[in-house]
Every structure is written in C-alpha cells, then in structure tokens.
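Student: Structure provided below as structure tokens; questions to follow.
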Amino acid sequence: MAPVIGIIANPVSARDIRRVVANAANLQITDRANIVLRVLAALRACGVTDVLMMPEHGGIGRHVARGLSRAAAHGEAPYPTIHPLPMPVTGTVADTHRAADAMRRAGVAAIVVLGGDGTHRAVVAHCGAVPVAGISTGTNNAFPEHREPTITGLATGLAVTGQVPAEIAFAANKRIDVSLNGRVEEIALVDVALVTERYVGARALWKPESFRELFVTFADPEVIGMSAIAGLLEPVTREESGGLMVRLGTPASGVTVLRAPIAPGLMASVGVADWRRMPAGVPFVPEVKAGSIALDGEREIAFSAQDRVSLTLRDDAFRTVNVGGCMQHAAQHRLLTGAPAPVTAEP
C-alpha cells in the first residue's frame, strides 16, 4: 500500500502575548491554507495519494477545500485526497494531542506539522515513532527549521515513499523530560526555563528579570527565544549528544550581562551566572525552590518548595524528516528528473 501522510495545521499559533510586547508575525488563515496546498502538491509529485488531516474550526480546511475544487474545475489533479480525521474539535491543544495519537494508530508514515514550538511539542508527545516534518508558523520557531514548505513536502514525500534511504531520510532528535514528584509530567523539545513567578498567567516568557535556570536540548545562536541565550554562550548542535544548562540572574546582581533576542524583534538584557554541559540521561535538580516551569517558551507548571523537580535530557527521543539530507540525496541521484514509481518505505 502507498504511504499515507498526516497533516496537523494549528489555526491559532503565533497569537500569544509576544504579539503585543514584540514584533511577532501572525499568519492569516489563508496563508496557512496556502502552505498546506504547497505541501500537498509536493507530496503528490512524489507519489503520495492520501492524506489524513486534523479538522479545525479556524477555516484552514475550508480554504484548502476551495483550492482543491479550483484545481478539479480546471481538470487538474495535483493534490492527494484529503481524509479529515473523525474527531471532535475543541479549539484547544487537546485537538493536536488527539490528532497525533489518531494518526499514529492509523499508521501514517509521517506527520507534517504547521505551528510553533508548542504545537510541535504537543505532536511529539503522542506521535511515538512516527517521524515529524515541521513548518514554522508560530511565534518563537526554534524547533521547526525555517524553510519553504514546498521543499518540506518534497522531502517528506521522497522519504516516506522509500526513494531516499531511511538512514538519510530521518534524523534522531533530543527532548527533556520534566519530572514532578517522581513522575514525568511534560516534555520539552528545545528548552526548559525555571522562573520565579508562581502563576502561569499569560504563559509566554517575556520578562527576563524572572529567569533563573535554563536547560536546552540544543543551543543555536541563529534562533530566538530562550535557546538563543544558551546559543550565544556555547553553541550545541541538534546532532550532538546532550545539551546545556545555564544559571541566570538579574543584571543588577553582579553577573555577566548578555543581550539576547528572546522574542521577534525583542532584545533583552539577561544576567548569566554560569553554564555547563547537560549530559544525556543524567537527572538535573534545579536550584530554584518555587516558581513555574516554562516548556519551549510557555509556562506550563507551577511548583512549590514541597515539590521535587528533576529534568533529564534524552537522546534519540523521536524522529524528524531530514529535509536537507533528502534533498541532497534527490539531487545527487536525480530522483526528480523522471517519475519514479513510489514504493513503501521499510520500517
């Protein structure tokens, strides 16, 4: 059987408080629908004929359906058939959790995700061994690499149809497990920040004076958000084992002051006390006794002095489509010079 692809497009990503305090972008529904259409066209060009799509009430699906209808009216068939998942729509992150789990159980070969770091985290929490192909449509997009969606669709199609060997087509990724009182409560794909504010409130991080400790899976000086702080101190790539831990403080407390882009167009002065490597598999116990825990830039968990918090970085925690590797292989082997018949990728 030909492989089936899942698509999860978040209609409300990039709408947190950073849209007010910074210069974050906000893609319109039509823009998101056009991204889906570009991905669909690329998938069909690689031989993918069927797609499972998360339903939503934001309007992405309606605009995509219009695009499909226009193509059919002109006698064109450049897109796969879309099958909406039969699931309730709540307009919350529960939709993403439910869709990722349903796609995994349905046996999709990969899941294309439109969203920011939070959306991708929600998918990874439930996708299991199914590889993810990320497209940036959020506020802080540290995890999904910035790339034209058509290329992401092409790479995904080439990967799942077996035209690119699995060892090239897919890449292993790290995550951080956040344990509270001995139980893993949440995960983070990019960073975990501990702040002194106890309330979750507006969720998004944008007040550096409350930052105290930072743990990252990779530290990239070319991204924005909390990972940028670590990246400007000691870069750690996505491919190497382990991450980085940074102790922070207020600039007035005598620590080193770092200027970092913590949100789009928002430069902040961040106090840095020290930092060190975070080996994989080693639990770290934060020094902060009470406050809240932010996962990939959003506060999710409040904790008190009575709670036991530990953080453990995991190598090889989930898979993504290696877009760059797929496209290099396609060029070297001239995969797009003809119309090779798709084959089912080996597990």
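Student: Add +1 for every Lys or Arg and -1 for every Asp or Glu among the other residues with Cβ under 11 Å from the Cβ of GLU185, and state the total. Could you put the intermediate results ahead of the total?
Tutor: On the way: positive: ARG183; negative: ASP177, GLU186, GLU300, ASP307.
With Lys, Arg at +1 and Asp, Glu at -1, the net is -3.
Student: Quote the relative contact order of the chain in percent (integer), defining contacts as alpha-carbon pairs under 8 Å separated by 6+ residues.
Tutor: On the way: 842 pairs, mean separation 70.4, N = 347.
RCO, the chain: 20 percent.
Student: Here's a follow-up. In a shell of Cβ-Cβ distance under 11 Å around GLU240, excluding GLU240 itself, what net charge do Lys and Arg (+1) and Asp and Glu (-1) give?
Tutor: Here the charged neighbours net out to +1.
Student: Check which residues have an amide H placed less than 5 Å from PHE284's amide H, if you skip close sequence neighbours.
Tutor: Amide H neighbours of PHE284, under 5 Å, 5+ apart: LEU311, THR312.
Student: At 1.4 Å probe size, with the rest of the protein present, what percent of the exposed accessible area of the chain is carbon and sulfur atoms? Don't jump to the answer; show the numbers that get you there.
Tutor: On the way: 7810 of 14850 Å².
Answer for the chain: carbon and sulfur cover 53 percent of the accessible area.
Student: Please list 3J(HN,Hα) in residue order for the stretch 69-77, calculated via the Karplus relation 6.51 cos²θ - 1.76 cosθ + 1.60 where θ = phi - 60°; whole Hz, with x for glycine and proline.
Tutor: With coefficients 6.51, -1.76 and 1.60, one gets 5, 4, 5, 5, 5, 8, x, 9, 9 Hz.
Student: What do you get for Rg/Rh of the chain when both radii come from the Cα atoms and Rh is the Kirkwood radius?
Tutor: Working: Rg = 20.6 Å, Rh = 20.8 Å.
Taking Rh as the inverse mean 1/r over Cα pairs, Rg/Rh reads 0.99.
Student: Under a 10 Å cutoff between Cα atoms, tell me which one of ALA302, ALA155, ALA122 has the largest fluctuation in the Gaussian network model of the chain.
Tutor: Sorting by GNM fluctuation, first place goes to ALA302.
Student: In the stretch 64-177, if every C-alpha pair distance is counted and binned at 10 Å from zero, what percent goes to each bin?
Tutor: In order of increasing distance, the bins hold 12, 38, 38, 11, 1, 0 percent.
Student: ³J(HN,Hα) across the stretch 55-66 via Karplus (A = 6.51, B = -1.76, C = 1.60, θ = phi - 60°), whole Hz, x for Gly/Pro?
Tutor: My calculation for the stretch 55-66 gives x, 7, 9, x, x, 4, x, 5, 5, 4, 4, 5 Hz in order.
Student: Give me D for the stretch 112-157 in µm² s⁻¹, whole number, from Stokes-Einstein with Rh from the Kirkwood sum over alpha-carbon pairs, 20 °C and 1.002 mPa s. Don't skip to the answer; put the middle values down first.
Tutor: Numbers: Rh = 10.7 Å.
Result for D is 200 µm²/s.
Student: Name the residues whose placed amide hydrogens come within less than 5 Å of the amide hydrogen of ARG299, ignoring near sequence neighbours (fewer than 5 apart) on the same chain.
Tutor: ARG203, ALA204, LEU205
Student: Send over a whole-number figure in Å² for the accessible area per residue of the stretch 101-193, probe 1.4 Å. Working shown, then result.
Tutor: Values: 2720 Å² over 93 residues.
With the other protein chains kept in place, the stretch 101-193 gives 29 Å² per residue.
Student: Can you work out ³J(HN,Hα) from phi for every residue in the stretch 117-124, in order, using Karplus 6.51 cos²θ - 1.76 cosθ + 1.60 and θ = phi - 60°, giving whole Hz and x for Gly and Pro?
Tutor: Once θ is set to phi - 60°, the couplings for the stretch 117-124 become 4, x, 5, 5, 4, 5, 5, 4 Hz.
Student: Can I ask one more? Go ahead and estimate [θ] at 222 nm for the chain from helices alone: -39,500 (n - 2.57) per DSSP H run with n ≥ 4, summed, over the residue count, rounded to 500. If you can, show how the numbers build up before the last one.
Tutor: On the way: 9 runs with 92 residues, N = 347.
So the calculated ellipticity at 222 nm is -8000 deg cm²/dmol.
The values are calculated or read from the model by the stated rules, or taken from the named source; none is laboratory data. No experiment lies behind these values; they were computed from the predicted model shown. Neighbour counts run over all protein chains shown; Cβ positions are idealised from the backbone, glycine included. Accessible surface is based on the protein model in full, side chains and every heavy atom, while ligands, DNA and RNA are left aside. Shrake-Rupley method; radii C 1.70, N 1.55, O 1.52, S 1.80 Å.
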